[in-house]
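The values are calculated or read from the model by the stated rules, or taken from the named source; none is laboratory data. Remember, predicted model here, so these are calculated numbers, not experimental data. Reconstructed Cβ throughout: ideal geometry from the backbone, glycine too, with neighbour counts over all protein chains shown. Calculation scope for accessible area: heavy atoms of the full protein, side chains included, ligands and nucleic acids excluded. Shrake-Rupley method; radii C 1.70, N 1.55, O 1.52, S 1.80 Å.
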Amino acid sequence: MKINLFIILFSMGLILSNAQDNPSSRSVVVASSIPAFRVTDLSSEIGSLKSGSKLEVAGKLPGGTHYRVTYINPETGLPMQLGCKISDIDPLLGAPSGTSPAPVPPPGEKTPPLPAPPPEDNAVSSKSRNAIDTPAASTPNTPPAAPSRETNKPILPRISSSLFLNDRPFDESASAMAARCRLPSEAKTKSLSSFRAYKPGFECFGIKPNMAAVYGDPDCVSEINLVFSNTGDSIGQIEDDSKRSQLVAKAMPGFKKEFKEQEEILEKNLTELLGKSVKQQLGAGNNREYAQRWDRESGVTLLLTVLPQKMIALRVWKKNVADRKGMLKPLSDAELRAACSMNVEKRPNGDVVVTEIPMIDQGPKGYCVPATYERVLRYLGMWGDMYTLAMNGQTQLGGGTCLSDINGAVAIILSQAGRRFQSLPQMDVIPVKKYIDMGIPVIWSCHIVKACETQAGENTYERRRASPEEWKKKIRSQKPPAGQINENRGHVRLITGYNSATREICFSDSWGADHAESWIPVKTARFITKSLEAIMW
């Protein structure tokens, strides 16, 4: 007997909080005499429910066409929330029951949330972290796993059952995957969404990544990026350059030990699970890295990058993207001009701002340069990753990047897309206006002066509450604050707008959504400016 369940995946909180019709809960155990049946999401397979699988039917979802169902995975004991059609669930309600019904609160009260998944969220947790029961592929020169593995049982959930529901992650909503893995929203534009967490709670082969990011296009998952040991997150940002050598020397022994352990665990388990890998170059020129590549028949490619004593990263890409070494098909000049011009927002108070620039949160490390470049590259339709840019741009341990080094890496990406850097002559409204009016953000290298940052923060807050005329009068009488330039404290951010009437510049930092838009007088901005550049066609 084959029963197709057409499901709508919801985040746990949404499903539990929106239930309105709560008849008595019923627990259904798929009897051993009933063959295994598949769970499908529209036309995409997401897994199998086997004999003995437990279905807890706890009530109807709003609209009365779907039951709220919890599927308990018999292998891991972890719950999965489903919204299943009544016509598909009704035949199961008469199946033998061997378990107690799930408790349901009175109408109007919220169902308590399910417990968080246990720390060990994969199939190897009951054994050694370094081993998997699945044998290696029998054909040593073929990177994909044997077809029987692909069709009979999902493989990717064995890497992390929290991250992967099945072998088709690109069929899933990016927001649903992020909600399941507790990754906060980072950016949402017309063409891209991203979710990112540092020190996320889930594991891969028993290892917690330092950073996890899920990108969408913007709805379905388009890219997954996991970074384990690396010289940025593992060591953190070092603010005092005078203590850099001492702090790095103290941290390195533990970092090297962790790095070696994680490298061995990931390489061994991925090889035993997916078979022998092939070597793959990503990027080009100075902006390149070499990875071990595994292809799945579902069109998914896994790429493990190990830059010795620098970074371990696991990327999950679509096969066609991996075939292009991560390089996206560039937009033509005409297409890019048209797309950028659509993102120029003119406000009633005279503000002119470029919108749709994705936020990339650099996290608790000194990655302002590579994070800013990733923001610009993705905005202009090119692939960029702050970790790869940092490694190839010689970002120091604890942060700190030389612009000339990273510009060499970025220049390769730009040349392949027919783009180039263009310098601005000076910090002023007119030079900035030229680029903002075309929808092009400006890369601003500047000094960090505490008094100037304080002025920008206060102005950003106050200008939202003042009328345009009141603010124009106040800002024109404002002088740059007194402050001492520290040549060792540099920063890179984006200029994303201007106001000609008030002679202000809008800038954006790579520190998350709260820092997406700040305003500073041109006179103050000129005082702390080091250089200005834009990426042009």
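Here are a few things to note about the model shown:
- Charge dipole (segment 206-277, unit charges on Cβ, about Cα centre) - positive-most of F255, P209, L270: F255
- Overall, the accessible surface of segment 307-380 at a probe of 1.4 angstrom is composed of carbon and sulfur to the extent of 57 percent.
- Cα Rg over Rh - segment 262-318, Kirkwood: 0.96
- Total charge dipole magnitude, segment 210-310, about the Cα centre, Cβ charges on Lys, Arg, Asp, Glu only, Debye to nearest 20: 500
- Across segment 187-197, computed HN-Hα scalar couplings (Karplus, 6.51 cos²θ - 1.76 cosθ + 1.60, θ = phi - 60°) run 8, 8, 10, 5, 10, 8, 10, 8, 9, 8, 9 Hz from first to last residue, x flagging Gly and Pro.
- Principal axis extents of the Cα atoms in segment 363-514, from largest to smallest and rounded to whole angstrom, are 47, 34, 29.
- Structure note, pairs K208/K318; K319/K365; K243/K523: Cα-Cα distances above 25 angstrom occur for K319/K365; K243/K523.
- Its Cα gyration tensor gives segment 175-286 an equivalent ellipsoid. The semi-axes, each the square root of 5 times an eigenvalue, are 27, 22, 15 Å from largest down.
- Accessible area of segment 405-537 belonging to carbon and sulfur atoms, whole % at 1.4 Å probe: 50
- Between segment 331-383 and segment 157-215, the alpha-carbon center distance in angstrom: 23
- When you count the other C-beta atoms within 10 angstrom of each residue and take the mean per peptide, 203-210, 292-299, 449-456 line up highest first as 203-210, 292-299, 449-456.
- Local electrostatic count at K256 - Lys and Arg +1, Asp and Glu -1, tallied over other residues with Cβ under 12 Å: 0
- Per-selection Rg to Rh, segment 450-537 - Cα, Kirkwood hydrodynamic radius: 0.96
- Cut-off 19 Å (backbone N to label point 7 Å along Cα→Cβ of A501), residues of segment 457-485: 459-478
- The order of D217, D167, D514, D428 by accessible area, most exposed first and with a 1.4 Å probe, is D514, D217, D428, D167.
- A cut-off under 15 angstrom between Cβ atoms defines the neighbours of G418, and their net charge, with Lys, Arg +1 and Asp, Glu -1, is +2.
- Spin-label proximity, S477 to segment 491-509 - amide N less than 20 Å from point 7 Å beyond Cα toward beta carbon: 501-504
- Distance between the modelled labels on M536 and L328, one decimal in nanometres: 2.3 nm (7 Å Cα→Cβ projection).
- Cβ-placed point charges (K, R +1; D, E -1), dipole of segment 321-368 about Cα centre in debye, nearest 20: 140
- Across the options P308, V321, L331, the greatest Cα extent toward the positive end of the charge dipole of segment 289-336 (unit charges at beta carbon of Lys, Arg, Asp, Glu) belongs to P308.
- Hz values of 3J(HN,Hα) by residue in segment 495-506 - Karplus curve (6.51, -1.76, 1.60), Gly and Pro given as x: 8, 10, x, 7, 9, 5, 5, 9, 6, 10, 10, 9
- Cα-based Kirkwood hydrodynamic radius, segment 271-350, one decimal, Å: 15.4
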